[in-house]
Amino acid sequence: SQQGEEDPQALSIQEGENATMNCSYKTSINNLQWYRQNSGRGLVHLILIRSNEREKHSGRLRVTLDTSKKSSSLLITASRAADTASYFCATDEGGGNKLTFGTGTQLKVEL
Amino acid sequence: DAGVIQSPRHEVTEMGQEVTLRCKPISGHDYLFWYRQTMMRGLELLIYFNNNVPIDDSGMPEDRFSAKMPNASFSTLKIQPSEPRDSAVYFCASKGQRNYTQYFGPGTRLTVL
């Protein structure tokens, strides 16, 4: 079963704009990770945020975590056409091994 | 450094046939995971191994599915007999003991006719 529900399911923006996608989950977590999947490829890890962290940055990525609302958001600033992909949140309920993936957001960045 | 290697990349077979998917994890990684991705169910964890030992196979859909890891550098996922509803992309991933990040292979796209 899927732990995370992502919103929106699909997002289309112009190059240079910011993209925000959200993830909601149901149970207590140890950490939350975001992965990217290009069409026809495997998933690639982007960033991890621990349950005791509220915000984390990595390059053009900004992740927030609100454990009281059981939600996370991923912001991609100054988007590029190469950012076109599906983005998944994944929750780790403890142990660091068993991840439960969300439904994903399909991002399309147009020139 | 080579990433996770999966073979074949594409497999088309007929219902009732045996299918074997293969995975070579990243050298030095202690954990290996098998996932299945479909439009309807998303990405599901089927089974994972630690040091070649199956730890959690609760995601394996039915007895037709089996997975083995005979050594640290090789794992197989077998479906026997295959059914059309097994059509999906199967991913293998690995990770190190002290790392939360999972590294995914390119996947095997399985089509069962």
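Once A and B are treated as a pair rather than alone, how much accessible area drops out, both sides summed, in Å² to 100, probe 1.4 Å? Mind dumping the intermediate values first?
Working: alone 6120 and 6480 Å², together 11010 Å².
Protein heavy atoms only, the A-B interface buries about 1600 Å².
Tally up the carbon and sulfur contribution to the accessible surface of chain A as a whole percent, 1.4 Å probe, everything protein left in place. The partial results should precede the final answer.
Values: 2290 of 5310 Å².
Carbon with sulfur: 43 percent of the solvent-accessible area.
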Using every alpha carbon pair in chain A, what percent of pairs falls into each 10 Å bin from 0 up to the bin containing the largest distance? 16, 51, 29, 5, 0
Taking the Cα centre as origin and putting +1 on Lys and Arg beta-carbons and -1 on Asp and Glu beta-carbons, what dipole magnitude results for the protein assembly as shown, to the nearest 20 debye? 400 debye
What's the tally of Lys pairs in the protein assembly as shown whose alpha-carbon atoms lie under 17 angstrom apart, where the two lysines are 8 or more places apart or on different chains? 9
Once the convex hull of the C-alpha atoms of chain B is built, how many Å³ does it hold per residue, rounded to a whole number? 94 Å³
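Run through every distinct alpha carbon pair of the protein assembly as shown and return the Kirkwood hydrodynamic radius in angstroms, one decimal place.
Numbers: mean 1/r = 0.0555 Å⁻¹.
Answer for the protein assembly as shown: a Kirkwood hydrodynamic radius of 18.0 Å.
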Could you state how much accessible area B:Leu43 has, in square angstrom rounded to the nearest 10, with a 1.4 Å probe and all protein chains kept in place? 10 Å²
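The values are calculated or read from the model by the stated rules, or taken from the named source; none is laboratory data. This one's a predicted model, so the numbers in the text were calculated from it and none came from an experiment. Every residue, glycine as well, gets a Cβ built from its backbone with ideal geometry; the counts of neighbours run over all protein chains shown. Side chains included, ligands, DNA and RNA excluded: accessible areas come from the protein's heavy atoms. Shrake-Rupley method; radii C 1.70, N 1.55, O 1.52, S 1.80 Å.
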